[in-house]
Amino acid sequence: MLGRAVRRRCPRGLRRGREALLALLALAGLGAVLRARSGSGTVETRATVHPVTPRTPRLGRREPVLSRPPLAANALGAQGEAVRLQLQGEELRLQEESVKLHQINIYLSDRISLHRRLPERWNPLCREEKYDYENLPKTSVIIAFYNEAWSTLLRTVYSVLETSPDILLEEVILVDDYSDREHLKERLANELSRLPKVRLIRASKREGLVRARLLGASVAKGEVLTFLDCHCECHEGWLEPLLRRIHEKESAVVCPVIDVIDWNTFEYLGNSGEPQIGGFDWRLVFTWHVVPQRERELMRSPIDVIRSPTMAGGLFAVSKRYFEYLGSYDTGMEVWGGENLEFSFRIWQCGGTLETHPCSHVGHVFPKQAPYSRSKALANSVRAAEVWMDEFKELYYHRNPRARLEPFGDVTERKKLRTKLQCKDFRWFLETVYPELHVPEDRPGFFGMFQNKGLRGYCLDYNPPNENQIDGHQVLLYLCHGMGQNQFFEYTSQKEIRYNTRQPEACIAVEEGKDVLIMHLCRDTVPENQEFILHEDGTLVHKQTRKCVKATKKELGHGFAPLLGECTNSDSERWFFKEHVS
Ligand code: UD2
Ligand code: MN
């Protein structure tokens with residue numbers, strides 16, 4: 001048996017979830033659908049959400065909805081291996097153009113079969129799992145898309161149909177979020193109309209991924225909603241574990257393991273080892289991290305579900321009824337970003353669990369860079385912070401002062417939802433669900449830009465060249481910009497100078513035998529090398545060497561180098577924190 005028997009009191013008010021959905025339908029301008037559906041039976045309210053109501057056994061095929069057509073063994077990327085085309089002239093130009101437009105090598109994608117096989121990426125134990133197919137809930141797979149390329153979109157659809165057991169798949173709902181590319185108009189509608197169980201609905205204006213997904217949810221007939229991005233490929237057996245877990249525990253929101261599909265070679269990466277789980281840093285950026293020991297101890301086997309503080313956002317399954325009960329999504333969020341952390345906080349704080357299932361693997365093409373503007377992400381994150389983070393939102397605002405000025409609209413309804421569902425506070429979330437996250441102290445006067453007194457207008461700055469490896473580089477001096485981020489430091493009561501906008505956090509240290517400042521990862525017990533004394537007059541002394549940190553004009557990168565030297569009681573050795581540029 002998978003999973004822990006976590007029983008929670010159910011949330012009353014599932015009926016209200018339905019009201020919310022109906023309100024949303026009206027908002028989405030789906031009057032006809034609304035009338036058609038309001039005649040159907042009301043959603044039953046139950047005292048517990050565990051387990052899902054037993055249903056009459058269904059007959060149906062366990063085989064996938066569509067079987068994969070044969071594929072030549074030497075077809076490009078046929079088994080998910082890397083492909084590198086040797087191109088010249090016009091062909092090379094076309095490839096480059098496709099990358100520019102989609103931030104994915106679509107020229108190559110167009111040459112790889114829509115029905116390719118994938119290499120085995122799950123734990124071999126997953127193959128031994130048995131499922132009670134007739135009793136698992138059926139799912140609607142919802143895929144919102146905006147200006148997606150033909151082959152990545154169609155490969156997603158085929159991959160769902162060719163890996164999902166017929167008996168478990170209610171339908172695939174594609175939601176066109178007001179795309180303006182020609183291939184997504186008639187041609188797409190025609191193509192999809194030939195496929196079983198596939199529906200296409202179109203937004204009448206650009207809704208952004210949150211409302212586009214909700215548009216799909218509003219017409220979904222399945223008991224479980226499974227959301228996917230529009231450039232995914234599903235690994236064999238991906239669906240069963242998700243549905244079984246939700247069948248066991250309705251308030252579990254379950255994510256597959258997200259394997260990386262390379263944007264340039266279409267190689268299907270990922271491994272069968274322990275998956276990573278989700279976290280975030282204090283800029284409210286989603287982060288990946290290894291499963292903590294305390295969680296590993298709770299797992300009964302390597303293929304048990306793993307609880308995760310947050311989700312990446314795009315790929316998850318949730319009971320439709322539970323999704324509605326939880327208040328679906330914040331419809332005030334636009335385009336992209338923030339909804340994943342908002343939903344993660346809400347799931348946990350309001351009594352659900354967020355889990356990753358090691359046997360469910362889905363590949364996702366991470367583009368080279370964002371293919372469309374994501375400027376709305378800031379307002380979306382602010383909405384999440386305002387509703388769910390209580391006083392801890394200040395830690396976010398300190399690290400991103402622009403966020404405080406960002407207009408984020410009205411969140412009254414979302415706050416009411418929080419009260420109605422009697423959700424726990426953010427402190428509980430941090431202490432119980434994400435104890436690995438270091439909570440900054442942010443003592444007044446000891447965080448923000450760390451500005452030099454002698455070299456006016458210059459601040460400590462750290463720009464890690466690789467976000468996945470924060471430590472190991474030198475700290476700079478750069479013109480103060482007041483935007484937090486790379487110029488945000490905190491001087492703690494442990495006498496560390498923490499760079500705590502990223503995860504894992506880095507602390508300023510002195511490079512052995514040299515007079516330069518370098519970043520090391522912070523430790524629970526502060527190493528001597530990371531201890532600095534900040535005197536009242538601003539003099540900053542490295543405790544171990546008793547040398548002063550000085551601003552110099554020695555060039556380093558785009559700025560100057562702060563260096564250690566004998567203390568001379570000069571202003572270049574004096575530092576003070578400022579929250580904003582004024
Ligand atoms: C990640 C998530 C994504 C979403 C996002 C935060 C994964 C693998 N992906 O970014 O699902 O949670 O973080 O918001 O976890 N779309 C629309 N309308 C829009 C913009 C996007 O329909 O205005 C669609 C888009 O075509 C895609 C999905 O929404 O199918 C997610 O967008 P993305 O793929 O650009 O986001 P991604 O994967 O970078
Ligand atoms: Mn995506």
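The values are calculated or read from the model by the stated rules, or taken from the named source; none is laboratory data. From a predicted model like this one, the values you see are computed outputs, not experimental measurements. Don't worry about glycine lacking a Cβ; one is built from the backbone with ideal geometry, like all the others, and counts go over all protein chains shown. Each accessible area value is taken on the protein alone, full model and side chains, heavy atoms only, with ligands, DNA and RNA left out. Shrake-Rupley method; radii C 1.70, N 1.55, O 1.52, S 1.80 Å.
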*Out of all the residues in region 524-549, which are touching a residue at least 40 places away in the same chain (Cβ under 8 Å) and open to solvent by less than 70 Å² (accessible area, probe 1.4 Å)?*
Phe532, Leu534, Gly538
_The lone exception for Gln276 - which of (1) over 21 Å from the mean Cα position of the chain (by Cα); (2) more than 16 Å from ligand 2 (Cβ to nearest atom); (3) not charged (D, E, K, R) it fails_ = (1)
*Can you spot a residue in region 84-101 that is in contact with a His (Cβ under 7 Å, 6 or more places away or on another chain), modelled with pLDDT of 95 or more and under 22 Å from Asp177 (Cα atoms)?*
no
*Can you confirm whether region 538-545 contains a residue that is of a type outside the set (Gly, Ala, Ser) and within 35 Å of the chain's Cα centre (by Cα)?*
no
*Could you count how many residues in region 257-284 are open to solvent by 10 Å² or more (accessible area, probe 1.4 Å), within 25 Å of Lys130 (Cα to Cα) and in a strand (DSSP E or B)?*
2
*When only residues in region 177-194 that are among the charged types (D, E, K, R) and away from ligand 2 (no atom under 16 Å from the Cβ) count, which is surrounded by the most Cβ atoms within 10 Å (Cβ to Cβ)?*
Glu191
*Go through region 565-575 residue by residue and tally those that are surrounded by fewer than 19 Cβ atoms within 10 Å (Cβ to Cβ) and part of a strand (DSSP E or B).*
1
_Residue match in region 86-93 (condition: in contact with a Leu (Cβ under 9 Å, 6 or more places away or on another chain), assigned by TED's automatic domain parsing to the domain that holds Glu191 and acidic (Asp, Glu))_ = no
*Only one of these conditions is not met by Lys197: (1) within 16 Å of ligand 2 (Cβ to nearest atom); (2) closer than 29 Å to Arg321 by Cβ; (3) of a type in the set (D, E, K, R); (4) open to solvent by 10 Å² or more (accessible area, probe 1.4 Å). Which number is it?*
(1)
*Tabulated pairs, region 218-234, first polar (S, T, N, Q) and open to solvent by less than 10 Å² (accessible area, probe 1.4 Å), second more than 16 Å from ligand 2 (Cβ to nearest atom) and not in a strand (DSSP E or B), C-beta under 8 angstrom, 6+ apart or interchain*: Ser218/Leu21; Ser218/Leu24; Ser218/Leu25; Ser218/Ala28; Ser218/Leu30; Ser218/Val33; Thr226/Leu239; Thr226/Leu242
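For region 262-270, state whether one or more residues are within 16 Å of ligand 2 (Cβ to nearest atom) and touching a Pro at 6+ places or on another chain (Cβ under 7 Å).
yes
Kindly state which helices (runs of 4 or more DSSP H) lie completely within region 304-388 and contain at least 1 residues that are within 13 Å of ligand 1 (Cβ to nearest atom) and surrounded by 20 or more Cβ atoms within 10 Å (Cβ to Cβ). Please lay out each step first, then the result.
On the way: elements: 320-325, 339-349, 377-388.
Where helices (runs of 4 or more DSSP H) fall fully within region 304-388 and carry at least 1 residues being within 13 Å of ligand 1 (Cβ to nearest atom) and surrounded by 20 or more Cβ atoms within 10 Å (Cβ to Cβ), they are 339-349, 377-388.
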*Residue by residue through region 291-303, note down the ones that are in a loop (DSSP other than H, G, I, E, B) and polar (S, T, N, Q).*
Ser301
*asked:* Residues that are basic (Lys, Arg) and at positive phi, at least 3 per element: which strands (runs of 3 or more DSSP E) completely within region 143-249 meet that?
replied: none
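Residues are listed down the side, and each one gets a yes or a no for (1) open to solvent by less than 40 Å² (accessible area, probe 1.4 Å); (2) away from ligand 1 (no atom under 16 Å from the Cβ); (3) among the β-branched types (Val, Ile, Thr):
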{"position": "Pro119", "(1), (2), (3)": "yes, yes, no"}
{"position": "Pro124", "(1), (2), (3)": "no, yes, no"}
{"position": "Pro137", "(1), (2), (3)": "yes, yes, no"}
{"position": "Ile142", "(1), (2), (3)": "yes, no, yes"}
{"position": "Val160", "(1), (2), (3)": "yes, no, yes"}
{"position": "Leu174", "(1), (2), (3)": "yes, no, no"}
*asked:* For the list (1) within 13 Å of ligand 2 (Cβ to nearest atom); (2) closer than 21 Å to Arg206 by Cα; (3) of a type outside the set (Ser, Thr, Tyr), I need the number of the one condition that Gly363 fails.
replied: (2)
